[in-house]
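I have placed the structure first, in the form of structure tokens, so that the comments after it can refer back to it.
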Amino acid sequence: MPKYKHVEDILKIMRNIEQVRNIGIIAHVDHGKTTTSDALLAHAGILSPKLAGEARALDYLDVEQQRGITVKAANVSLYHEYKGKPYVINLIDTPGHVDFSGKVTRSLRVLDGAILVVDAVEGVMTQTETVLRQALEEYVRPLLFINKVDRLIKELKLSPQEVQQRIVQIIKEVNERILTFAPDKDFAKKWLLDPAKGHVALGSAKDKWGITIPMAQEKGIKFSFFVDAYKTGNKEAIEELFRKAPLHETLLDMVVRWVPNPREAQQYRVPRLWKGDINSELGKAMVNADPEGPLVVFINDMRLDPHTKRLVATGRVWAGTATAGKEVWLVNAGKEGKILQVSIYMGPDREIVDYVTAGNIVAMMGLDDARAGETIVDINYKDQAAPFEQLHYVSEPVVTVA
Ligand code: GDP
């Protein structure tokens, strides 16, 4: 396991925008969003600030801690290596399930990709469709995790062939919705899920394993292996699945491989989501996620720090570099403000840093007039400032695809 001597090492990964991913997990109620997040938190590396000054190992959280964190943290930064390269993956909290206050849309705005969790037995449900539609409208690329495949065998007693048919059917149903709801047909086609390419994982969040087709081929795991494991209730075989195909690795590999990095994503997301002039200096800096450009941050979360009792604004830096002392314009509030402190999430904790560059998630103190949904810009660019598109809400019931 790699060790870090200093927070500077993390900032270095964050400065290299190709090594950053901003993601969330979305699902119909009870399909396994919490269990999937817990599996990621328990086993993926989190960046630990605890051992100040010394070499800091990656932490792994125990179950007690994870439960609390999924409830409490606005963001958890995970560490993941893919093909020998380190990545910072921000797992941004999206509120429980569909809510109509705009919180879901707001948090989707800071993500570039989402893992859609679908229960293998229930398949695509109303809220699956709603959250997927919301993600697509925000130009967030969906990937799919078909969860609870154990139920297909234990409860429905399906044969390997029938399991396969069920999986194919769910992918088809999700793809139909991608085609229907993506606001831009070019994206719809590009984002259609192709299991052969590894856009889809299937497994059990409860038993903490998951595989994609390319991975199953690479590791020689056959459909019949897990079907037999659950049919016979063979605990050792199920543990072997966890050892051979741990869910956190499968999902994070999928994220690194298929979720665009923040710069790639901003090239198409800014012109479609931001209301300002993309040919202005500010607009260009946003499209390019330019760390040297004027600062623009979209705040998706405001909450009290339990220790200091001060308000912490969490958001995504779309352009420029956030630093303490920076004077900013709060676009929606129509007020001036000043960033007093800048920090990054290391695991679920915050660590104060000197700067946070474009493409990353920042936590800031000092912006007490901001509300979630606020856009802040460098005060010198007040004239070019514009909010992100008005938040719009998807109302249920949505159109169903025949
Ligand atoms: P959420 O509402 O989407 O956050 O769903 P949860 O993660 O809370 O899961 C809902 C229920 O499904 C819980 O009772 C979980 O234990 C159960 N669950 C989650 N993953 C699996 C799985 O892989 N197999 C089975 N059989 N149950 C699961």
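Among the residues of segment 344-364, which ones are out of contact with any Ser or Thr (no Cβ under 8 Å at 6 or more places or on another chain) and modelled with pLDDT of 95 or more?
Scanning segment 344-364 gives Gly359, Asn360.
All but one of (1) closer than 30 Å to Asp9 by Cα; (2) open to solvent by 50 Å² or more (accessible area, probe 1.4 Å); (3) in contact with a helix residue (DSSP H, G or I) (Cβ under 8 Å, 6 or more places away or on another chain) hold for Lys83, so report the exception by its number.
(3)
So how many residues does segment 3-44 have that are within 16 Å of the ligand (Cβ to nearest atom) and part of a loop (DSSP other than H, G, I, E, B)?
Within segment 3-44, residues that are within 16 Å of the ligand (Cβ to nearest atom) and part of a loop (DSSP other than H, G, I, E, B) number 5.
Report every pair of residues separated by at least 6 positions or lying on different chains whose Cβ atoms are under 8 Å apart, first residue within segment 147-172 and within 10 Å of the ligand (Cβ to nearest atom), second open to solvent by 80 Å² or more (accessible area, probe 1.4 Å) and outside any helix (DSSP H, G or I).
Pairs that qualify, where the first residue is within 10 Å of the ligand (Cβ to nearest atom) and the partner is open to solvent by 80 Å² or more (accessible area, probe 1.4 Å) and outside any helix (DSSP H, G or I), are Lys148/Lys206; Asp150/Lys206.
Restricting attention to strands (runs of 3 or more DSSP E) lying wholly within segment 271-376, give those where 3 or more residues are closer than 21 Å to Ala74 by Cβ.
In segment 271-376, 296-304, 311-319, 321-323, 341-346, 349-352, 355-357, 361-365 are the strands (runs of 3 or more DSSP E) which contain 3 or more residues that are closer than 21 Å to Ala74 by Cβ.
With Ser107, Ser101 as the choices, which residue is polar (S, T, N, Q), at pLDDT below 95 and surrounded by fewer than 18 Cβ atoms within 10 Å (Cβ to Cβ)?
Result of the check over Ser107, Ser101: Ser101.
Just for segment 265-297: of the residues that are free of Cβ contacts under 8 Å to residues at least 24 places away in the same chain and within 16 Å of Glu18 (Cα to Cα), which one is most open to solvent (accessible area, probe 1.4 Å)? First the steps, then the outcome.
Taking segment 265-297 as the starting set, the residues that turn out to be free of Cβ contacts under 8 Å to residues at least 24 places away in the same chain are 267, 271, 278-279, 284, 287.
Still in the running and within 16 Å of Glu18 (Cα to Cα): 267, 287.
Numbers: Gln267: 86, Val287: 25 Å².
Selected residue: Gln267.
Considering only segment 301-327, how many residues are within 28 Å of Gln19 (Cα to Cα) and in contact with a helix residue (DSSP H, G or I) (Cβ under 6 Å, 6 or more places away or on another chain)?
Matching residues across segment 301-327 total 2.
Evaluate segment 258-267: report whether one residue or more is under 23 Å from Asn332 (Cβ atoms) and touching a Phe, Trp or Tyr at 6+ places or on another chain (Cβ under 7 Å).
Yes; the residues of segment 258-267 include at least one that is under 23 Å from Asn332 (Cβ atoms) and touching a Phe, Trp or Tyr at 6+ places or on another chain (Cβ under 7 Å).
Checking the conditions here, which among Thr130, Thr180 is modelled with pLDDT of 95 or more, among the polar types (S, T, N, Q) and out of contact with any strand residue (DSSP E or B) (no Cβ under 7 Å at 6 or more places or on another chain)?
When all the criteria are applied, what remains is Thr180.
Quick check: anything in segment 372-390 within 24 Å of the chain's Cα centre (by Cα), at pLDDT 90 or above and open to solvent by 70 Å² or more (accessible area, probe 1.4 Å)?
Checked segment 372-390: no residue is within 24 Å of the chain's Cα centre (by Cα), at pLDDT 90 or above and open to solvent by 70 Å² or more (accessible area, probe 1.4 Å).
Any residue in segment 341-364 that is open to solvent by 10 Å² or more (accessible area, probe 1.4 Å) and in contact with a Phe, Trp or Tyr (Cβ under 6 Å, 6 or more places away or on another chain)?
Residues of segment 341-364 open to solvent by 10 Å² or more (accessible area, probe 1.4 Å): 341, 345, 348-355, 357.
Add one more test, that the residue is in contact with a Phe, Trp or Tyr (Cβ under 6 Å, 6 or more places away or on another chain), and what stays is none.
Checked against the condition, which is being open to solvent by 10 Å² or more (accessible area, probe 1.4 Å) and in contact with a Phe, Trp or Tyr (Cβ under 6 Å, 6 or more places away or on another chain), segment 341-364 yields no hits at all.
Starting from segment 235-254, take each residue that is at negative phi and list its partners that are open to solvent by 10 Å² or more (accessible area, probe 1.4 Å) and of a type in the set (D, E, K, R), counting only C-beta distances under 6 angstrom and pairs at least six apart or across chains.
Ile238/Asp207; Phe242/Lys208; Lys244/Lys219; Leu247/Lys208
Just to check your reading of the model, which residue among Ile211, Ile221 is more than 16 Å from the ligand (Cβ to nearest atom) and in contact with a strand residue (DSSP E or B) (Cβ under 8 Å, 6 or more places away or on another chain)?
Result: Ile221 is the single residue among Ile211, Ile221 that is more than 16 Å from the ligand (Cβ to nearest atom) and in contact with a strand residue (DSSP E or B) (Cβ under 8 Å, 6 or more places away or on another chain).
The values are calculated or read from the model by the stated rules, or taken from the named source; none is laboratory data. If you're wondering where the values come from, they're calculated on a predicted model, not measured in any experiment. Glycine gets a Cβ as well: all are built from the backbone with ideal geometry, and neighbour counts include every protein chain shown. Surface areas here come from the heavy atoms of the whole protein model, side chains and all, with no ligands, DNA or RNA. Shrake-Rupley method; radii C 1.70, N 1.55, O 1.52, S 1.80 Å.
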